[in-house]
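So the structure is just underneath, and the comments pick up after that.
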Amino acid sequence: MSKRVVITGVGLISGLGESAALLHQKLCAGTGGLGEITEYGPQGFDSQPGGSISNFAPELYLKGRTLRPLDRTGRLFASAAKLALESSGWTAEYLATHDVGVVLGTMFGSMHTISQFDRQALVDGPSCVSPMDFSNTVINSAAAQTAIWHKLRGINSTTASGATSGLMAIGYAADLIQCGRQNAVLAGGADEFCFESFCGMERAGLLSGPSSKRGCAIPFDQRRTGMALSEAAALLALEDWESAQARGATVLGEICGHANAYNPAWNQHGRGQEAISRAMQGALDNARLSAAEIDCISAAANGSVADDKNEALAISAVFNGQASRVSLTAIKSMLGETLGAAGILQSIDFLETMRTSVLPGIAGLAQVDQELASLNFCRQPKFLSARAALINGVGFDGHACSLIITAPPQA
Amino acid sequence: MTRSAAVAVTGLGVVTSIGTGCQTFWESLLAGRSGFSRVTSFDTIGYAVHMGAEIYDFCPQDYVLEMDPAAIGRTSQLAIAASRLALLDGDLDLSEIDRGRVGVCVGTTSGEPHSIERFDDQYVQGCVSKIGGEFLHGYPCHVVPFHIAKEFSLGGEVMMIPTACAAGNYAIAHACDLLYAGKADFMLAGGADSFSRITYTGFARLGAIAPEVCQPFDRDRKGMIPGEGAAILLLERSDQALARGARIYCEVAGYGLSCDAHHMTAAHPEGEGAARAIRMAMMQSNIKPHEVDYISAHGTGTPTNDRLETIAVKKVFGNHAYSVPMSSVKSMLGHTMGAASAIEAAVCALAITHGCIPPTMHWQHRDSECDLDYVPNVARKQKVRVAMNNAYAFGGNNSSLVLAACADSNRERP
């Protein structure tokens, strides 16, 4: 008999704040969280929406020791982990007697540190590089640094699959708990905003471009031209239900099902819809739920011309005639694309939607793309008594991952 | 832990500096051949060391048949080659099975390092404008398993687990869990890394690279030799493998993963986490210390690793540690990073199949702190029913895999 996996805590560092309640409040108010990327003008890049969290102060969360060994991705993830530990009630005493695992989902990991380390060796010579920087050039450094900082001795792993990485980490962690390998896991995602990822995304034509040139990063909007690249870290404290009950933990929700899919026939010119449909259907099957039992969908849509359309068509196909019944939101309209953290922020906001019975709208959505299927796009926040949500993640190269979160199980 | 079925290893694909394909590779291991040579993939002027374990005879077009080999990075090429060899070795005809039930799970340290190294070259030359969209499509490490899935049109779960120098073990462990859970019928699981300037620079800076050869557990060992390679294991549930009459090398009986939570690059001074991973792997496999016939060591050849790994093994095995042969193939093919533990899992499978243990080469002097049986310099004929594969990584991540001969792992599980 496999175990049930419940959520007993959350932690986040995002452009819309560091608490779930604040994130939800801002998403519902529709007051913007995206800055403007202006710093790469000298390298020939136009300014456009997105960028780093300007007021992130890791020393508020990571106290008593020097932060020098951690790079930005490590600081983001370890800070969000601190908040998740507090939220779940996994205190120092708990950690002294229980091995807690960590699973990180990240697209780029420590790419900025890797690149800077290499460039320093090229410019100053190989003997001038810092050994401390080298230790962060492994892609799993944020997960390892987080374990070291918080003394988490359980299974420590990292998974990478592009923008679906965070949801993959949740699925991976849920599998570890379900088959009894670990009772408690901090799972989530992190990606920092850096020049290397910005440059890669810009050159691949995935970014919206400057608003002065009609750039628009609003999901599902007729005017959309691409996404706004941003950053965040977010985690869920996952636990097997029996252990959570035994320690009297507050249960926020249940990981009821998950699935992912890759379409090997994917290419840059199409076939993006199939993997998304398969991931959603797989998650429903895994949760033993029918599409009719889903109350809302948190879309991965980020303003991408092709991927938003693919996702809309996939939702329409999987919900087979009932899609107009299910409320659909897309919170990247305000958070931008946070890659590894994206699916986790969507999950955290759904927990708040269940708590407050309000679903945030797709901020800024003015004209829905005519080519999209007729879905129930939620433009304004609305009252919704929700018990089950489908959370989508869509990658840039043919991968998709879906998660189903439901209300806490009844004892 | 309860398990409904065991996982069988039914195909092996390896690409290394001492041989491609498990036959050639195994002959090289038994003969004690080394793959060390002067680094050629980048200029080591300015470095205090110059040796590496690069692969020279690899022709990607021999293995990458559906995709354009020139359009993908070297790590993807190596991983696809290892996958093709594993499928051939396992005699699995993909056209006769549901490819939607075949998954891929790969570990790595650096993914496609050449992609970001070219980015950095252009950056320092002030040519950022020359960087194109191929950087994004070629660099992120997840492209390695995606490329395998694309080459062979596989529609099952596709995962990258980039947990550095222990990544191969992590990927094999997760693939087994997916098979136990019934989420796939077959998994291609393992690890891959291509020779990286960045990795070489870092280990050189740490003073961890040996000037000439890698001599694990030797009193005068001077460090590791970075290398490159890939290994992919074809995995499936044992009942399925038996039913389709597949040749079974061995079974994956269990695994243990742990984190020191101590230091980024220094292992726990008493080998606490490593010992915990070994114990977990044995407990899950229902294996007692005296039943382990061979340990494939992480054995990098650095002074600290080899000492602490010896301590961890003694901690778990007690006096019996002296009777378990433990060798490191890194003495021949260097440290292939994320591929290493996958290659070493293949070594365990071959040792079980052939009843022979590969040696630790270049061993000359006994170290008072490394006093176990390291199978020095000469391969040893010996029945191996149960093998343990250790791998450790930056961040204090520890992994141990137990592989067992098929009949032996049919025992009742706890």
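The values are calculated or read from the model by the stated rules, or taken from the named source; none is laboratory data. Not measured: the values here are computed from a predicted model. Glycine also receives a Cβ, built like all others from the backbone with ideal geometry; neighbour counts cover every protein chain displayed. What goes into the accessible areas is simple: the full protein's heavy atoms, side chains included, and nothing from ligands, DNA or RNA. Shrake-Rupley method; radii C 1.70, N 1.55, O 1.52, S 1.80 Å.
Annotations for the structure displayed:
- Of the criteria (1) touching a Pro at 6+ places or on another chain (Cβ under 9 Å); (2) β-branched (V, I, T); (3) under 18 Å from A:F220 (Cα atoms); (4) open to solvent by 10 Å² or more (accessible area, probe 1.4 Å), which one A:I362 fails: (4)
- Residue count, the range B:104-152 (criterion: closer than 20 Å to B:H174 by Cβ and of a type in the set (G, A, S)): 4
- Look at (1) under 25 Å from A:Q346 (Cα atoms); (2) open to solvent by less than 10 Å² (accessible area, probe 1.4 Å); (3) more than 7 Å from chain B (Cβ to nearest Cβ) and you find that A:N136 fails only one, number (1).
- Screening A:C179, A:C216 for residues that are open to solvent by 10 Å² or more (accessible area, probe 1.4 Å) and within 12 Å of another protein chain (Cβ to nearest Cβ) leaves exactly one candidate, A:C179.
- Filtered residue count, the range A:146-167, keeping only those that are in a helix (DSSP H, G or I) and open to solvent by 10 Å² or more (accessible area, probe 1.4 Å): 3
- Of everything listed in (1) open to solvent by less than 40 Å² (accessible area, probe 1.4 Å); (2) assigned by TED's automatic domain parsing to the domain that holds B:N397; (3) closer than 26 Å to A:A147 by Cα; (4) touching a strand residue (DSSP E or B) at 6+ places or on another chain (Cβ under 6 Å), the single unmet condition for B:M280 is (1).
- Residue check for B:P113: in contact (Cβ under 8 Å) with a residue 24 or more places away in the chain and either closer than 20 Å to A:N267 by Cα or aromatic (F, W, Y) (or both): no
- Selection count, the range A:276-320, where residues are touching a helix residue (DSSP H, G or I) at 6+ places or on another chain (Cβ under 6 Å) and either outside the structural domain of A:L372 (by TED's automatic domain parsing) or of a type in the set (S, T, N, Q) (or both): 6
- Among helices (runs of 4 or more DSSP H) entirely within the range A:303-373, having at least 2 residues that are of a type outside the set (K, R) and over 21 Å from A:G395 (Cβ atoms) singles out A:342-356.
A quick yes/no check of all residues on (1) among the hydrophobic types (A, V, I, L, M, F, W, C); (2) farther than 14 Å from B:V106 by Cβ; (3) assigned by TED's automatic domain parsing to the domain that holds B:D121; (4) within 17 Å of the chain's Cα centre (by Cα):
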site	(1), (2), (3), (4)
B:A171	yes, no, yes, yes
B:L178	yes, no, yes, no
B:R197	no, yes, yes, no
B:T201	no, yes, yes, no
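- Among the candidates A:A96, A:A147, residue that is over 17 Å from A:I7 (Cβ atoms), aliphatic (A, V, I, L, M) and facing chain B (nearest Cβ under 9 Å): A:A147
Conditions tested, residue by residue: (1) hydroxyl-bearing (S, T, Y); (2) within 14 Å of chain B (Cβ to nearest Cβ); (3) touching a Gly at 6+ places or on another chain (Cβ under 6 Å); (4) open to solvent by 20 Å² or more (accessible area, probe 1.4 Å).
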position	(1), (2), (3), (4)
A:F377	no, no, no, yes
A:L384	no, no, no, yes
A:L390	no, no, no, no
A:G395	no, yes, yes, no
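- Residues satisfying the stated conditions in the range A:244-281, i.e. open to solvent by less than 40 Å² (accessible area, probe 1.4 Å) and among the small types (G, A, S): A:A244, A:A249, A:G253, A:G257, A:A259, A:A261, A:G270, A:G272, A:A275, A:S277, A:A279
- For B:N305, the requirement of being over 30 Å from B:Y200 (Cα atoms) and either in a helix (DSSP H, G or I) or not hydroxyl-bearing (S, T, Y) (or both) is not met.
- Enumeration of residues in the range A:237-284 that are closer than 27 Å to A:S87 by Cα, among the hydroxyl-bearing types (S, T, Y) and assigned to a helix (DSSP H, G or I): A:S243
- Residues being more than 10 Å from chain A (Cβ to nearest Cβ) and in contact (Cβ under 8 Å) with a residue 12 or more places away in the chain - total across the range B:243-267: 10
- Residue satisfying condition, being at pLDDT below 95 and either outside the structural domain of B:I45 (by TED's automatic domain parsing) or surrounded by 24 or more Cβ atoms within 10 Å (Cβ to Cβ) (or both), within set B:H268, B:H290: B:H268
- Looking at A:L23, A:L12, A:L67, just one residue is assigned to a loop (DSSP other than H, G, I, E, B) and either among the hydrophobic types (A, V, I, L, M, F, W, C) or modelled with pLDDT of 95 or more (or both), and that residue is A:L67.
- When the criteria are applied in full, A:D397 meets the requirement of being acidic (D, E), assigned to a loop (DSSP other than H, G, I, E, B), in contact with a helix residue (DSSP H, G or I) (Cβ under 7 Å, 6 or more places away or on another chain) and not assigned by TED's automatic domain parsing to the domain that holds A:E18.
- Within the range B:118-138, tally of residues that are more than 7 Å from chain A (Cβ to nearest Cβ) and assigned to a loop (DSSP other than H, G, I, E, B): 3
- Cross-chain or 6+ apart pairs with Cβ under 9 Å, the range A:115-132 first and within 8 Å of chain B (Cβ to nearest Cβ) and in a helix (DSSP H, G or I), then open to solvent by 70 Å² or more (accessible area, probe 1.4 Å) and polar (S, T, N, Q): A:A121/A:S127
- Residue count for the range A:81-105 satisfying the condition of being hydroxyl-bearing (S, T, Y) and touching a His at 6+ places or on another chain (Cβ under 9 Å): 0.
- So A:G209, is it more than 14 Å from every other protein chain (Cβ to nearest Cβ), in contact with a Ser or Thr (Cβ under 6 Å, 6 or more places away or on another chain) and at positive phi: yes
- Residue under evaluation B:P113, criteria (1) more than 7 Å from every other protein chain (Cβ to nearest Cβ); (2) modelled with pLDDT of 95 or more; (3) farther than 30 Å from B:E309 by Cα; (4) out of contact with any strand residue (DSSP E or B) (no Cβ under 7 Å at 6 or more places or on another chain), criterion not met: (3)
- Selection status of B:G301, in contact with a helix residue (DSSP H, G or I) (Cβ under 7 Å, 6 or more places away or on another chain), at pLDDT 95 or above and crowded, with 24+ Cβ neighbours inside 10 Å: yes
- Within the range B:344-383, the set of residues being assigned to a helix (DSSP H, G or I) and closer than 19 Å to B:G223 by Cβ comprises just one member, B:E344.
- Residue that is in contact (Cβ under 8 Å) with a residue 24 or more places away in the chain and either in contact with a strand residue (DSSP E or B) (Cβ under 8 Å, 6 or more places away or on another chain) or basic (K, R) (or both), where the choices are A:L12, A:L16: A:L12
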